[in-house]
1. Does any residue in region B:169-190 that is at the interface with another protein chain (Cβ under 10 Å from one of its Cβ atoms) come within less than 8 Å, Cβ to Cβ, of a residue that is assigned to a loop (DSSP other than H, G, I, E, B) and surrounded by fewer than 18 Cβ atoms within 10 Å (Cβ to Cβ) six or more places away or on a different chain, and which pairs are these?
2. Tell me which helices (runs of 4 or more DSSP H) are completely within region A:157-270 and hold 3 or more residues being among the aromatic types (Phe, Trp, Tyr) and open to solvent by 10 Å² or more (accessible area, probe 1.4 Å), or say none if there are none.
3. Which one of these does B:Ser247 not meet: (1) open to solvent by 20 Å² or more (accessible area, probe 1.4 Å); (2) among the hydroxyl-bearing types (Ser, Thr, Tyr); (3) within 14 Å of chain A (Cβ to nearest Cβ)?
4. Please find, within region B:71-85, the residue that is farthest from B:Gly254 (Cα to Cα) out of those that are of a type in the set (A, V, I, L, M, F, W, C) and part of a helix (DSSP H, G or I).
5. Where in region A:28-143 are there strands (runs of 3 or more DSSP E), lying wholly inside it, with at least 2 residues that are more than 14 Å from chain B (Cβ to nearest Cβ) and open to solvent by 20 Å² or more (accessible area, probe 1.4 Å)?
6. Testing A:Arg266 on (1) closer than 18 Å to A:Ala21 by Cβ; (2) among the charged types (D, E, K, R); (3) touching a strand residue (DSSP E or B) at 6+ places or on another chain (Cβ under 8 Å), one condition comes back false. Which one is that?
7. Taking region B:191-207 on its own, how many of its residues are in contact with a Phe, Trp or Tyr (Cβ under 8 Å, 6 or more places away or on another chain), more than 9 Å from every other protein chain (Cβ to nearest Cβ) and among the aliphatic types (A, V, I, L, M)?
8. If a residue counts only when it is open to solvent by less than 30 Å² (accessible area, probe 1.4 Å) and of a type in the set (Lys, Arg), which helices (runs of 4 or more DSSP H) contained entirely in region B:86-201 have at least 2 such residues?
Amino acid sequence: MSFLQVQGLAKRYGAANVFEAVDFTMEKGEFVCVIGHSGCGKTTILNILAGLEEASGGVVVMDGREVAGPSLERGVVFQGHALMPWLSVMGNIAFAVESRWPAWNRVQVQTQCRTFIDMVGLSGAEHKKPAQLSGGMKQRVGIARAFSIQPKMLLLDEPFGALDALTRGVIQDELLRICAATQQTVFMITHDVDEALLLADRILLMSNGPGARIAEAVVNPLAKPRSRQDLHHDPRYYATRNHLLDFLVNRSKTYQLEEYRHEARRRRRH
Amino acid sequence: MKLPLRLTAALLSALLLAVGVGAWHLATLPTGGARVVDSEYARLVGAQAASGGKSAFPAPADLGGKIVEHLRQPFYDRGPNDKGIGLQLAYSIGRVALGFLLAALVAVPAGFLIGMSPLLHRALDPFIQVLKPISPLAWMPLALFTLKDSDVSAVFVIFVCSIWPMLINTAFGVASVRREWLNVALTLEVSPFRKALAVILPAAAPTILTGMRISVGIAWLVIVAAEMLVGGTGIGYFVWNEWNNLSIANILCGILAIGLVGMALDVLFARLQRAVTFPE
């Protein structure tokens, strides 16, 4: 049985059908990216996995247990870093660590915080407030906070969307290194095809809403370890990238129509 | 030469003060010529006015003298109608502090509940909307009747007038805590009590302190009127008592003291507000 199973997930707001019949699985240690246009319900799927929103239909089972409500077993990196501005970098991470291990003393908490602050390369900025950090540094704190509770699964909601290209590249490299080292299971939403190709083992393509579905699951053919510098030298890079872009530009809109025609043809044959 | 803005402003303030005091001085100079004064009135306001040479309104120098006199002996107590201005101020500040503190003890937790529960917010809103615009002094007869003690009634009036801005601001601050911070607490399985204390309270603190600052300002406005009503002690009673004594210089001292203490209270709460405000 897979580590994470999502079956028949659907979300409706009144009569509006955001997505339906969303099925996918994830293995332990796998990095899965979801690509799709805005409004297809990517963030809603992530929120359901996080336990922050309820699905209108379907089930999510993680590690043999149904997901019902938020849990420390799933760490979330939010779209807008979601740091508490009145706490320092250390304070923000300590808030998470203290929630995970309430019985720990100060020294244990601080040691754990230091480890993850070092991991994202923020040593020396422990006592700064979020307002004193750049956008990239804030998102690093968000990542450190999510990793620090050592969850079974990590959920990232377009974590680099608001960053400039240069910073994004640097943090992508860091995330790649950290995930390789920790064997973390990661579910990530992105708009960026190159980001998905660099980070993901598998890429789920979502069609446009309303009534969005997972149209296709593309296994990333590029060999690990991948790096931003020579990703584009891989002979399979452009073919895969074109395939993903084609989907986003053309097929995401027409997918439902295609499916409908397929279905009609099948029926006529029988 | 260009002076820094602060210095220029200070110089201008000093100039305005000098012009104001100067005009006042000129307006209260002895007129010289004999004035026809009602003999009854003359007896009432004292010899100076009776002679007709000098205005009953004190000159700046008279006020200055009075201020020095008060500063030299601010806390004397010679019976119920003759207490130092410092002592009277202390009574007023004590009442405001007590009423304000009691109001905070009620308003902040109640505001938390209202802010966290849309149901409570809607259910209590009509009551708040009706009670809020009532002048706190309108409660005074009711308070005197039920509490049967003028001192306690004055504190009650302060309590009533302080409660609304704090309640409304706390509820607003709590209700508008950012969804993403609450989501962080949710995903970390933080207990409701810890969430209220570690997430909602610091996030809403600047708004709560704004409410407190408004409350203390109103309380200080109201205490003067309340003390004029209940009498006995306090700066409001002092001003009223000096009106009965027809000592306008003392009334002016009282007015000045009220202004200075009000400013000090506002500065104090502005400091507190700055201390809990977080840059984003």
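The values are calculated or read from the model by the stated rules, or taken from the named source; none is laboratory data. Just so it is clear, the structure is predicted and the values come from calculations on it, not from any experiment. We place every Cβ from the backbone using ideal geometry, glycine too, and count neighbours over all the protein chains shown. Quick note on the areas: whole protein, heavy atoms, side chains included, nothing else; ligands and nucleic acids left out. Shrake-Rupley method; radii C 1.70, N 1.55, O 1.52, S 1.80 Å.
1. Sorted first by the residue in region B:169-190, then by its partner, the pairs are B:Glu180/A:Gly80; B:Thr187/A:Leu72; B:Leu188/A:Leu72; B:Glu189/A:Leu72.
2. none
3. (3)
4. B:Leu71
5. A:57-62
6. If we test A:Arg266 against (1) closer than 18 Å to A:Ala21 by Cβ; (2) among the charged types (D, E, K, R); (3) touching a strand residue (DSSP E or B) at 6+ places or on another chain (Cβ under 8 Å), just (3) comes out false.
7. Total meeting the criteria: 2.
8. Because the criterion is at least 2 residues that are open to solvent by less than 30 Å² (accessible area, probe 1.4 Å) and of a type in the set (Lys, Arg), no helices (runs of 4 or more DSSP H) in region B:86-201 meet it.
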